[in-house]
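Notes follow once the structure below has been shown.
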Amino acid sequence: MNNTANAADAVQHFIQRRLHIVFASTSGHTEYVVDVLVDSLKSIASGWEIEETTAEIAQPQDLLRGDVLLLASATWNNEGIEGQLNPHMSMLLHDKARALDLASKPCACIGLGDHRYFYTARAADHLQHYVGVHHGRLIVPTLKIIDEPYGQEEAVSAWGKKLLDASNLAVGN
């Protein structure tokens, strides 16, 4: 066996757990929060592989990939009703994956919103509801980012640490 094969085998044994993030972002705010979270986790999450998929391309089986699922979406005000999910996330969860059973999968949610609306960060509630109805298991309180995410990096990183700790407990060390 050559050194390349030994290195690949060592990496495969080192990565024991996977976090799969499915997010919807159109203005870039949710993607920014996910990027901050991923950058923060990469520095502290040895043994974890982090994968990201946008809701636009995600399929129901993608929600089952990995050891922990993280759903992230901003709140939208479409169809004349305030406080909806991003349309791409809504289509994924309520159409494509409406019959999916998460089978006690460890999950976490991030919802973004604007304080000017009555239903501030209501996407968080919708994501939590989806996880509960589809038999997932929330392992940390949902992160809500209100208004611009820029300047809230420390809060995202601190929440990421809690997510990592809870994920390690949920999946096992």
Residue check: is ASP67 crowded, with 16+ Cβ neighbours inside 10 Å and either under 12 Å from the mean Cα position of the chain (by Cα) or modelled with pLDDT of 95 or more (or both)? yes
Matching residues in the range 154-167 - criterion: being over 22 Å from TRP76 (Cα atoms) and surrounded by 13 or more Cβ atoms within 10 Å (Cβ to Cβ): ALA155, SER157, TRP159, GLY160, LYS161, LYS162, LEU163, LEU164, ASP165, ALA166, SER167
So which pairs qualify, if the first residue must be in the range 86-111 and among the basic types (Lys, Arg), the second must be part of a loop (DSSP other than H, G, I, E, B) and crowded, with 16+ Cβ neighbours inside 10 Å, the Cβ gap must be under 7 Å, and the two must be at least 6 apart or on different chains? LYS105/GLY136
For the range 115-125, enumerate the residues that are part of a loop (DSSP other than H, G, I, E, B) and not aliphatic (A, V, I, L, M). HIS115, ARG116, TYR117, PHE118, TYR119, THR120
Tell me, please, whether a residue that is over 25 Å from GLY172 (Cα atoms), in a helix (DSSP H, G or I) and of a type in the set (Lys, Arg) can be found in the range 95-114. yes
When the range 128-138 is checked residue by residue, the ones that are over 12 Å from the mean Cα position of the chain (by Cα) and within 15 Å of LEU19 (Cβ to Cβ) are GLY136, ARG137
Set SER40, SER46: member being modelled with pLDDT of 85 or more and not in a helix (DSSP H, G or I): SER46
All conditions in (1) among the aliphatic types (A, V, I, L, M); (2) out of contact with any strand residue (DSSP E or B) (no Cβ under 7 Å at 6 or more places or on another chain); (3) more than 20 Å from LEU19 (Cα to Cα) are true of ILE145 except (2)
If you go through the range 45-59 one residue at a time, do you hit one that is without any contact (Cβ under 8 Å) to a residue 24 or more places away in the chain, surrounded by fewer than 18 Cβ atoms within 10 Å (Cβ to Cβ), at negative phi and acidic (Asp, Glu)? no
When the residues of the range 126-148 are filtered to those that are touching a Ser or Thr at 6+ places or on another chain (Cβ under 8 Å) and outside any strand (DSSP E or B), which remaining residue is modelled with the lowest pLDDT? HIS126
Restricting attention to the range 153-170, does a residue exist that is free of Cβ contacts under 8 Å to residues at least 12 places away in the same chain, of a type in the set (Gly, Ala, Ser) and either out of contact with any Cys (no Cβ under 7 Å at 6 or more places or on another chain) or assigned to a loop (DSSP other than H, G, I, E, B) (or both)? yes
Identity of the residue in the range 90-121, at pLDDT below 95, under 15 Å from HIS29 (Cβ atoms) and not hydrophobic (A, V, I, L, M, F, W, C), that ends up nearest to the chain's Cα centre (by Cα): GLY113
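The values are calculated or read from the model by the stated rules, or taken from the named source; none is laboratory data. Values in this document were obtained by computation on a predicted structure and should not be read as measured data. Because the Cβ atoms are built from the backbone with ideal geometry, glycine has one as well, and the counts that use them run over all protein chains shown.
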